[in-house]
Amino acid sequence: MANVLTVAWFVIAYIITMTGAMVWVALLFPARVAIARRRLIESPRKSVFTGLLFWALSVFAAVVLLQSTKGGPIQLLGWFSLVPMLASSVLGGAALAELMAERIAQRATGISCFSSLLLGALATVLAGLVPFVGWMAIFPLATFGAIGGGLGGLFTRRSTRPEPLAPAA
């Protein structure tokens, strides 16, 4: 019974954490998320394959460095080699959440921008947890697409400054 509860709480924590991270990144880095979103819209296949390649290279480098017998700084470098991949994943996940938010806002009447962003992030996370289809298709495609799109947001130089936010009423 304890194993079942552990898994259940882990899934709940995963849903809350990923949804919160996507919303947080979308609100704090709107220009970077816009670049990633544009990349996901303009070239989704390229984003997925770029994300898959970058994921494989990052994991390979981390595994090689973590298996070092010297330990210490080399193993720490192995953990640090995962940081760009994880950062681009969260940035791209925020871009996916914004894409979902746009579609939710088109279909729902009277919903605020923040609510649609929250629902978009939640829908993105929950879609990957659907048995079999989510595990084998949606989660990998969304993850690799997010990494590929997020790479564009991380490493592309902005040509324009983001628009200032309107003052709160």
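FYI, it's all coordinate maths here, none of it is from the lab. The model shown is predicted, which means the values in this text are computed figures rather than measured ones. Ideal geometry is used to build each Cβ from the backbone, glycine not excepted, and the neighbour counts take in all protein chains shown.
Overview of values
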| read-out | value |
| --- | --- |
| FRET efficiency for Leu28 and Met1, using Cβ-Cβ distance with R0 set to 41 Å, rounded to 0.05 | 0.55 |
| Estimated dipole of the chain in Debye, rounded to 20 [Cβ of Lys and Arg +1, of Asp and Glu -1, Cα centre] | 400 debye |
| Chain lengthening between Ser115 and Phe80 when straightened (0.36 nm per residue, less Cα-Cα) | 9.2 nm |
| Arg103/Val133 FRET efficiency (R0 22 Å; Cβ-Cβ; nearest 0.05) | 0.70 |
| Sites Arg157 and Phe49, calculated FRET efficiency, Cβ-Cβ separation with R0 25 Å, nearest 0.05 | 0.65 |
| Neighbour-count order for Ile12, Ile147, Ile35, Ile104, fewest beta carbons within 10 angstrom listed first | Ile12, Ile104, Ile35, Ile147 |
